[in-house]
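Report on the structure given below.
The values are calculated or read from the model by the stated rules, or taken from the named source; none is laboratory data. Nothing here was measured: the structure is a model prediction, and the numbers come from that model. Backbone-built Cβ (ideal geometry, glycine too); neighbour counts: all protein chains shown.
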Amino acid sequence: MSKDITDALAQFSQLRQRMIEQLRRVIIGQTDVIEQMMAAIFTRGHCLLVGVPGLAKTLMVSALSQIMNVTFKRIQFTPDLMPSDITGTSVLEETEPGKRAFRFVQGPIFANVVLADEINRTPPKTQAALLQAMQERQVSAGAETYNLPEPFFVIATQNPIEQEGTYPLPEAQLDRFMFNVKVDYPTFDEEKRILVMIAKDEKPELTKALSAVAIVNLQKLVRSVPVGDFVIDYVARLVRATRPKDPTSPEFVKKLIDWGAGPRAGISLIQAGQAFAAMDGRFSVAIDDIRKAAVPVLRHRISPNFQAQAEGKSSEDVVALLLQAVGEAEAPKYSPKRRL
């Protein structure tokens with residue numbers, strides 16, 4: 001490990017702390033949610049925030065975009081939203097007297113941070129408009145293909161309790177999200193602090209901490225964090241253990257799961273581990289980094305069957321059992337927890 005990379009990781013850890021300090025001026029609690037959102041950003045990933053109304057999901061995304069010097073667009077997904085309302089459309093214009101030509105007008109997807117608010121409130125046809133953008137970071141319109149700006153992230157929100165007028169996301173769309181982030185209720189003390197902030201009508205100003213160019217450079221830094229063979233071995237065994245037809249999967253997986261995670265889950269686990277290590281100022285990925293990422297990466301990529309529902313077992317419960325069942329390979333003698 002060169003001194004330049006060591007210094008860069010130390011600076012990255014300090015930058016992450018400054019970003020969290022800025023967010024803490026607006027967001028109370030939700031430590032894990034913020035960390036997972038930042039990890040996704042530094043690995044070119046996308047997030048799906050799932051939580052009941054009123055938990056500041058939209059506010060978190062908005063505040064995160066405010067501390068980054070990037071473009072931000074919010075799309076309110078509704079049942080009448082059309083694909084062209086997201087990607088853009090071609091309009092016929094008069095270029096000169098007697099001549100007309102089509103010009104493509106970019107939609108709100110052409111931004112660095114796109115908030116897809118209540119993404120499950122629009123039909124599958126419109127949801128599918130995001131697939132190419134999220135995977136290839138491109139938009140096709142007619143015979144032309146347009147590149148989206150870098151960096152580019154989609155952060156979507158979803159209400160898990162209301163089913164009226166909603167359209168469940170297809171599995172292909174869910175798999176495009178690196179993290180499925182559960183936004184939970186605040187603690188008693190956190191809720192009191194929220195009420196105090198509202199009672200005092202506090203509206204703190206946030207300071208820009210990161211530019212678009214800096215984000216791209218940090219993404220390259222995160223990808224350079226070494227991943228040991230024992231960590232790769234653990235990730236491969238963990239992902240394969242989610243598949244009921246794999247001979248290495250535990251009996252409870254064969255009993256409770258219809259289908260498991262694909263290779264993209266393993267890729268997301270490795271990238272999340274690199275992000276967690278880099279944000280912590282460490283120069284290698286630890287097994288604990290993978291275990292920390294396991295639930296948000298896997299919870300939306302495995303499908304519990306009727307037997308699991310009858311026993312009251314969710315996908316999170318199955319992932320927790322997997323983390324107990326899948327053992328670690330023997331690690332090198334150095335401590336991956338060592339800080340810079």
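Can you tell me which residue among Thr6, Thr78, Thr58, Thr43 is in a loop (DSSP other than H, G, I, E, B), in contact (Cβ under 8 Å) with a residue 60 or more places away in the chain and among the hydroxyl-bearing types (Ser, Thr, Tyr)?
From the options Thr6, Thr78, Thr58, Thr43, the qualifying one is Thr43.
Filter segment 240-262 down to the residues that are touching a residue at least 60 places away in the same chain (Cβ under 8 Å) and in a loop (DSSP other than H, G, I, E, B), then identify the one that is farthest from the chain's Cα centre (by Cα).
Pro250
If you check Arg16 against the conditions, is it more than 23 Å from Arg137 (Cβ to Cβ), in the same structural domain as Ala172 (by TED's automatic domain parsing), buried (at least 20 other Cβ atoms within 10 Å of the Cβ) and among the charged types (D, E, K, R)?
It is true that Arg16 is more than 23 Å from Arg137 (Cβ to Cβ), in the same structural domain as Ala172 (by TED's automatic domain parsing), buried (at least 20 other Cβ atoms within 10 Å of the Cβ) and among the charged types (D, E, K, R).
Restricting to segment 140-159, name every residue that is out of contact with any Lys or Arg (no Cβ under 6 Å at 6 or more places or on another chain), surrounded by 12 or more Cβ atoms within 10 Å (Cβ to Cβ) and of a type outside the set (D, E, K, R).
Ser140, Ala141, Tyr146, Pro149, Pro151, Phe153, Val154, Ile155, Ala156, Gln158, Asn159
Provide a single number: the residues in segment 317-340 that are under 22 Å from Ala39 (Cβ atoms) and at pLDDT 90 or above.
4
Does Ser224 satisfy the condition of being of a type in the set (Ser, Thr, Tyr), surrounded by fewer than 17 Cβ atoms within 10 Å (Cβ to Cβ) and within 24 Å of the chain's Cα centre (by Cα)?
On the way: of a type in the set (Ser, Thr, Tyr): yes; surrounded by fewer than 17 Cβ atoms within 10 Å (Cβ to Cβ): yes; within 24 Å of the chain's Cα centre (by Cα): yes.
Against the criterion (of a type in the set (Ser, Thr, Tyr), surrounded by fewer than 17 Cβ atoms within 10 Å (Cβ to Cβ) and within 24 Å of the chain's Cα centre (by Cα)), Ser224 qualifies.
Within segment 79-107, how many residues are in contact with an Asp or Glu (Cβ under 8 Å, 6 or more places away or on another chain) and either at pLDDT 90 or above or under 21 Å from Val154 (Cβ atoms) (or both)?
Looking only at that region, the number is 2.
Test Pro97 against the stated conditions and say whether it is within 17 Å of Gly45 (Cα to Cα) and either more than 20 Å from the chain's Cα centre (by Cα) or surrounded by fewer than 21 Cβ atoms within 10 Å (Cβ to Cβ) (or both). I'd like the intermediate steps shown before the answer.
On the way: within 17 Å of Gly45 (Cα to Cα): no; either more than 20 Å from the chain's Cα centre (by Cα) or surrounded by fewer than 21 Cβ atoms within 10 Å (Cβ to Cβ) (or both): yes.
No.
Quick one: which helices (runs of 4 or more DSSP H) lie wholly within segment 92-207 and hold at least 3 residues that are farther than 30 Å from Ser303 by Cβ and either assigned by TED's automatic domain parsing to the domain that holds Phe276 or of a type in the set (A, V, I, L, M) (or both)?
188-199
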